[in-house]
Amino acid sequence: MLNTKISVLTSKKQFITLIAILSLLIAAGGYFYYKSQLTSIRQEKYNELKAIADLKVNQIQNWINDRRADVIAVTRSPFFIGGVNQWLKDTGNVQLKQEIIERLRLIQKEHGFENIFLAAPNDRLLLSVITISEGFHSIRKQIITEAGIKKEVVFTDLYSDQIEKKIHYDIIAPIINGNKTIAILLFRLDPNDYLYPLIQTWPIPSKSAETVLFRTENDSVLVLNELRFHRNSALKLKISLTRTENPAVEGALGRTGLFEGTDYRGVEVLSDIRIIPGTNWILVAKIDKSEIYSDQYFIAGIISGFSIFLIIICGIGFGFIYSSRQKNIFMELYNKEKELWQSQEKFKVTMDSLGDGVITTNSDGKIQYINKIAEELTDWSLREARGRTLREVYSVKNEETGEKENNILHKVIKEGIVKELANHTILISKSGKEIPVMDTGAPIYDNDGSITGIVIVFQDETEKRSQLKLIKENEFRLRSTLDNMMEGCQIIGFDYRYLFLNKTAFIQSRITKEGIIGKIMMECYPGIENTEMFSVLRRCMEERISAVMVNEFSYSDNIKRHFQLRFEPVPEGVFILSEDITERKQTEDTLKESDERFRSLFENSTMGLYRTTPQGDILLANPTLIRMLGYDNIDELAQRNLEQNGYEPDYPRSKFQSEIEKSGGIIGLESKWTKKDGTTLDVNESAHAIRGADGNVLYYDGTVEDITKRKKAEEELIIANKELVFQNEEKEKRAVELLAAKEKAEEMTRLKSNFLANMSHELRTPLIGINGFSDVLRQDIENPELKEMAEIIFNSGSRLSETLNLILDLSKLESGNMVFTYQQIDLVSEAEKIISLFKEAARKKGLYLKSSYNQPSIFINIDPRAFHSILNNLINNAIKYTNEGGITVDISLKDIFVEIKVIDCGIGIAKEYHEIIFDEFRQVSEGYSRNFEGTGLGLNITMKLVKKFGGEISVESEPGKGSTFIVKLPVTNAGEIAVEKNVIKKAPLAVITG
Ligand code: ADP
């Protein structure tokens, strides 16, 4: 209620403020709009004035210019000048005079002149279009004379003709013939015809606007035209130059453009001042300010009227909204009130049906309401209690200390919701009965958040407390039991808080009770949430399932201990039973490790390992043994009994057993076992018996080595030994035979050489006789027949001796009896000598024989006879096997050898003979059908000699295309080579001494 009122009031104030602000805004908006309109009106009027002034100035200027043009057109017309000139000479010519007048009349009519006069240059009037009675006004005389002298068109200003009582405006133009002014024409204009109406008209409707023409005269300005508000003013009304507020005066003082001032009537005007070019006229276009402001006042009226209208509309609108809102608020208030009443009723019924006692007070602690249960428990009825203090009706004390709690109201107001107002609260009823209660006090807030009272809710706990006591006793018993357990016990709450730890658990955790109870696990052991233990715990917590695990726990000092943890879900969270199994684990690990080590040894041993019962049943066998016996796995092998089948018949198991019985074990017993496939295995076995406490053999443990291969190798070795002995005997025998053969062969060679040597001696001696005497005979005998016979004898003898020499050389070479004498010889000169010997033979066959060398001298350390033999053979063959062309001998020194080429153009040699021809007695054409003489020894001997000097010989040839025999002799092996001069110098020494 209170709040609603406040809000209603606030909103009324708000409305008024809102309207006031809006009105202010509208008024300000109106004012600014008015201001902007004012500026634009003024600007508009200024622009108007300016435009009109521009127009007037232009029109006046054009009028003057037009008139000047008219006058010039007339006075410069040669025809007219001629006419006037003629008439001036004969002024009595009436007809001519009339013609001139007629001509001028035409112009006067056409261009709207008032009158046109012709005067002599001395100002004497000669004639005029309209006849006038009087002469010229004195003012013009001077001007006429001036125009005559200057020979220019001259304008009089507006002037008042005193005689005619009229205002005139004259244009005076001289008539010039040749260079002489013969007469003057005066064109008279009436300003009322055109100029004044032009000035006085205003192009748009206006009450006060007008244009005024002024000119300065002495210390004032003279009005030149008739004014709108002043009769008879033209050339009469003067304004003193001191009146600077007047626009005309300002114009006279040199100002042009817009000006705000007072006009001739003393009325405030807005004006535009102009000077008309080519004249001394000042033009002022002006309008009364009041005329401008009349629009302004009208606009001001409209804007303020509209603003007031807007404000009224807003006021009415807001008033309407405000009143309808008020109506709604009151409606709402009414409904709220009704609801409140209903809810209070409902509240009372609800409160009464509650199982708990409820007491509410106001902020002073005065009871406002107590429900039924509260009535029963406190012995106070609602009626009695209402308005009394809380302390009176709800009197409580601390069960343990017996102290009364007198400050409930303040406690609740200060602390908010308070559970257990007096720690194990005892309520003392009006009748003095003490009832253990569980109570809660809470403040009551209004909408603004301020406390309006408190509420106390309490329930009878008599029964609950006695049960609690029982539970506590039980818990105590349980705790002491748990505390004395060997295992650690802990209860972890659903929020992972340590709720309980027994003594062992404290010891295990190494944390004091204060340091752990009530704390969250993650606080005590940061990072625990990432451990496997924690995930097992979480699973147990969330899925409510038991779990067991072994956990390695590291303490802060890096000591690690192993715990077997059992997780059990309990109503408080999870119960963990922890047993320190570090020592047990260590023993287990050691055992496991040694077991593994043994197992690895067992599995990986290259020896077979086994354990059998004394009866021969196989209990254990390592993979090596299983493989050795040809089985796939232990199960298969275990089916076999060693007693029954296992040992070869010659090696019974009884032998093995009796040996073990005798000495407790066997070492390196060689026997034969039968494999799965029936084949035999040679083994080397060691074993010992394992006995039980009673001395009986439990089983045999043994090792088995497969020695089959070794056995086989041994056997093979024996056989091989035997064979070796036999082979050695054979070899010795053959060696003896070979030695005998060698000796025989050597003997044979010796015999052959001796034979050959003897033969050659025996054959040569008679040949010398035959050759010598046949030579003498063939030269001396005259008889041709006899001479030819002697010739044949000589040739045959020579050939035989040649053959003999060759055979002899070959045998010497083979038997190693050839003696070489090394000398430094110049191959070039030596070759030349040999070649010269063949010149005759070549010539006879019609062949050329040339030589070429890449050095002038090529020195080499060689046996000269051998060199002769080599080159001889090659040139001899070349000539023999060439029928056309000739032979070229080329010797050239290459880096480390000398190359000797014998090139012919002969029959050539087929490829398949290239190697054969170097063999002994081999020729391309052999047998009786051969075409050429020869032994087939020449090339063989040549090759042997070449090789003797470390060189080589080869042939390049094709049948019909000639042959090239190439001999390469190494420089180093054959002897030193001297090509340079200094070496050449030494060479003869070598030759002499050699
Ligand atoms: P021969 O005494 O037969 O000439 P050689 O040992 O000197 O013995 O030659 C062996 C053979 O090589 C000759 O019989 C001949 O067939 C062939 N021969 C050697 N030199 C030439 C050559 N320059 N042109 C063709 N054939 C040749």
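Quick one: in region 675-708, which of the residues that are assigned to a strand (DSSP E or B) and among the small types (G, A, S) is most open to solvent (accessible area, probe 1.4 Å)? Among residues in region 675-708 that are assigned to a strand (DSSP E or B) and among the small types (G, A, S), the one most open to solvent (accessible area, probe 1.4 Å) is S686. In this structure, is E899 touching a strand residue (DSSP E or B) at 6+ places or on another chain (Cβ under 7 Å), among the charged types (D, E, K, R) and either away from the ligand (no atom under 12 Å from the Cβ) or in a loop (DSSP other than H, G, I, E, B) (or both)? So E899 fits the description; yes. Sort out which residues of region 35-65 are at pLDDT below 90 and among the β-branched types (V, I, T), and write them in order of number. Matches in region 35-65: T39, I41. The selection criterion, being at pLDDT 80 or above and either charged (D, E, K, R) or open to solvent by 20 Å² or more (accessible area, probe 1.4 Å) (or both), does not hold for E933. Within region 191-201, not a single residue is surrounded by 15 or more Cβ atoms within 10 Å (Cβ to Cβ), touching a Ser or Thr at 6+ places or on another chain (Cβ under 8 Å) and more than 24 Å from N58 (Cβ to Cβ).
Note on region 478-497: residues that are at pLDDT 90 or above and either basic (K, R) or within 26 Å of L421 (Cα to Cα) (or both) total 1.
Restricting attention to region 428-451, the residues that are closer than 16 Å to V358 by Cβ and either open to solvent by 60 Å² or more (accessible area, probe 1.4 Å) or among the charged types (D, E, K, R) (or both) add up to 1. Within region 734-751, the only residue that satisfies the criterion of being open to solvent by less than 90 Å² (accessible area, probe 1.4 Å) and either touching a helix residue (DSSP H, G or I) at 6+ places or on another chain (Cβ under 8 Å) or among the polar types (S, T, N, Q) (or both) is T749. A single member of F838, F867, F820 is away from the ligand (no atom under 16 Å from the Cβ) and either crowded, with 18+ Cβ neighbours inside 10 Å or part of a helix (DSSP H, G or I) (or both), and it is F867. Output the residues belonging to region 523-538 that are within 14 Å of L565 (Cα to Cα) and open to solvent by 100 Å² or more (accessible area, probe 1.4 Å). Residue satisfying the conditions is E532 alone.
Taken over region 873-891, the criterion of being under 16 Å from K968 (Cα atoms) and open to solvent by 10 Å² or more (accessible area, probe 1.4 Å) is satisfied by N873, D890. Of all residue pairs spaced 6 or more apart or on separate chains, those with beta-carbon atoms under 6 Å, a first member in region 376-388 that is open to solvent by 40 Å² or more (accessible area, probe 1.4 Å) and a second member that is among the hydrophobic types (A, V, I, L, M, F, W, C) are R386/I367; R388/I367. Condition (residue is surrounded by fewer than 16 Cβ atoms within 10 Å (Cβ to Cβ) and either touching a Leu at 6+ places or on another chain (Cβ under 9 Å) or modelled with pLDDT under 90 (or both)) applied to region 165-173: is it met by at least one residue? The answer is yes; a qualifying residue exists.
Across region 880-887, a minimum of one residue is classified as touching a Cys at 6+ places or on another chain (Cβ under 7 Å), more than 11 Å from the ligand (Cβ to nearest atom) and part of a strand (DSSP E or B). Is at least one residue of region 917-926 open to solvent by less than 40 Å² (accessible area, probe 1.4 Å), over 13 Å from I834 (Cα atoms), within 9 Å of the ligand (Cβ to nearest atom) and at pLDDT 95 or above? Within region 917-926, none of the residues are open to solvent by less than 40 Å² (accessible area, probe 1.4 Å), over 13 Å from I834 (Cα atoms), within 9 Å of the ligand (Cβ to nearest atom) and at pLDDT 95 or above. For region 936-965, a residue qualifies if it is open to solvent by 10 Å² or more (accessible area, probe 1.4 Å), more than 7 Å from the ligand (Cβ to nearest atom) and part of a loop (DSSP other than H, G, I, E, B), and the qualifying residues are G950, G951, E958, P959, G960, K961.
The values are calculated or read from the model by the stated rules, or taken from the named source; none is laboratory data. Every value quoted in this text rests on a predicted model; they were computed, and no experiment measured them. Every residue, glycine as well, gets a Cβ built from its backbone with ideal geometry; the counts of neighbours run over all protein chains shown. The accessibility values were calculated without ligands, DNA or RNA, using every heavy atom of the protein model including side chains. Shrake-Rupley method; radii C 1.70, N 1.55, O 1.52, S 1.80 Å.
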